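Structure record follows, encoded as structure tokens.
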Amino acid sequence: MSNSDSSSILYPLSSIPSSSKITIPKFRERKKTGPKISMVTGYDYPSARFLDAAGVDAILVGDSLGNVVQGKSNTLGVTLGQMIYHAEMVVRATSRALVVVDVPFPYAQQGPRAAVRAAAQILKRTAADAVKIEGGAGRSETIRAVVEAGIPVLGHCGLKPQDIKLLGGYSLQRDGERLIRDVEAVQEAGAFGIVLECIPTALGKEATEFLKIPTIGIGAGPHCDGQVLVYHDLLGFGDSEPKHAKAYVRLGQIITEAVQRHCEEVRDGAFPEP
Ligand code: KIV
């Protein structure tokens with residue numbers, strides 16, 4: 001459901017399995033057909049253009065923007081208006097990737113009515129493809145209501161950053177019985193996939209084998225049906241990344257060095273040239 005045309009693509013998508021738009025049915029199919037699903041967070045027009053042109057299957061407009069864009073210590077302060085503002089830019093830049101937008105705290109926590117209203121606002125105002133809702137068995141009624149309203153939902157189990165005040169920290173979630181109960185309830189409620197965050201590798205494998213819908217891991221080991229990474233971690237904006245992440249380049253360093261060179265050239269008169 002992108003509103004941009006192919007002229008917004010920076011490079012040809014020749015190396016990518018299919019260059020046509022990733023829809024919910026195609027996303028679900030990948031559990032059976034492969035290849036594994038790549039999902040990366042994106043928060044604005046230029047980052048989404050790069051991600052889409054590089055061939056990611058899905059862009060997550062995550063409420064992690066509270067951390068990596070706003071510089072806050074958690075995601076709780078991110079508003080619905082901010083999610084819509086960022087998602088709208090991402091959708092405008094995207095032709096192929098499925099765009100999923102987080103329902104921010106505390107809409108899903110308030111129950112089905114509030115969640116449906118927030119999710120509907122997101123889809124209506126951004127033209128994104130789906131929303132993501134954190135929560136397990138206790139949130140299945142809410143997820144079911146959103147799906148029944150015609151809004152595709154990606155679940156999110158394991159470590160749920162919106163529960164940070166209850167958890168007291170971001171740590172590995174080891175309770176296997178609880179995880180399986182949660183993912184089963186989320187699948188039953190109609191989610192088209194589930195993000196599994198910060199769980200042991202063996203649990204990631206068990207949940208992936210147990211479920212009929214794709215699992216997208218972040219700190220959940222290599223057996224999930226796909227992986228999601230935060231854009232700023234993948235590109236090395238900071239000096240280091242969380243243990244589960246991988247930086248493919250140190251962009252923070254490259255940007256700093258480029259700006260330092262520019263500052264020097266301004267100071268010594270080398271820029272601009274006559
Ligand atoms: O908000 C986010 O970016 C997320 C991912 C880390 C899965 O929920």
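For the reader, a short list of remarks on this structure follows.
- Applying a threshold of 32 Å to the alpha-carbon distances of K124/K243; K72/K246; K165/K205 flags K124/K243 as lying beyond it.
- Helix axis angle, 24-33 relative to the chain longest principal axis, alpha carbon, degrees: 80 degrees
- Among A258, A93, A130, residue whose mean-square fluctuation peaks in a GNM of the chain (springs only between Cα atoms under 10 Å): A258
- Per residue, in Å², the accessible surface of region 108-157 once ligands and nucleic acids are set aside, probe 1.4 Å: 40 Å²
- Cα-Cα separations in the chain greater than 24 Å, expressed as whole percent: 49 percent
- Separation between Cα centres of region 211-256 and region 138-154, rounded to whole Å: 27 Å
- Taking Cα centre as origin and charging only the Cβ of basic (Lys, Arg, +1) and acidic (Asp, Glu, -1) residues, the dipole magnitude of region 72-125 rounds to 120 debye.
- Cα-centre dipole for the chain with unit charges at Cβ (Lys and Arg positive, Asp and Glu negative), debye to 20: 660 debye
- Degrees, to the nearest 10: 176-188 long Cα axis against longest axis of the chain: 90 degrees
- Per-residue SASA remark: K246, around 110 Å² accessible (1.4 Å probe; ligands, DNA and RNA not included).
- Counting DSSP beta bridges with both ends in the chain, the antiparallel % (nearest 5): 5 percent
- Whole-percent carbon and sulfur share, accessible surface of region 52-163, 1.4 Å: 51 percent
- Distance between the 7 Å Cα→Cβ label points at K32 and H262: 5.1 nm.
- Working ranking of peptides 113-124, 214-225 by packing, defined as the average number of other Cβ atoms within 10 Å per residue, highest first, is 214-225, 113-124.
- Of the residues K160, K32, K132, the one that moves most in a GNM of the chain with alpha-carbon contacts below 10 Å is K32.
- HN-Hα J in Hz across region 250-256 - Karplus 6.51, -1.76, 1.60, θ = phi - 60°, x for Gly and Pro: 9, 5, x, 5, 4, 5, 4
- By accessible area with a 1.4 Å probe, ligands and nucleic acids excluded, highest first: order of M83, M89: M89, M83
- Angle in degrees between helix 112-126 and the longest Cα principal axis of the chain, rounded to the nearest 10: 30 degrees
- Spherically averaged projected area in nm², based on the convex hull that wraps the Cα atoms of region 56-194: 8.0 nm²
- Neighbourhood net charge (12 Å Cβ-Cβ; Lys/Arg +1, Asp/Glu -1) for V100: -3
- Sites excluded, chymotrypsin sites (Phe, Trp or Tyr not before Pro) in DSSP loops with at most 15 other C-beta within 10 Å, longest stretch of the chain: 1-169
- The chain - percent relative contact order, Cα under 8 Å, separation 6 or more: 16 percent
- Efficiency of FRET from Cβ geometry, A149 and A202, R₀ 25 Å, rounded to 0.05: 0.10
The values are calculated or read from the model by the stated rules, or taken from the named source; none is laboratory data. Everything numeric here is computed off the predicted structure, so don't read it as measured data. Counting neighbours? That spans all protein chains shown, and the Cβs are built from the backbone with ideal geometry, glycine included. Just so you know, the surface numbers come from the protein's heavy atoms only, side chains and all, with ligands and any DNA or RNA stripped out. Shrake-Rupley method; radii C 1.70, N 1.55, O 1.52, S 1.80 Å.
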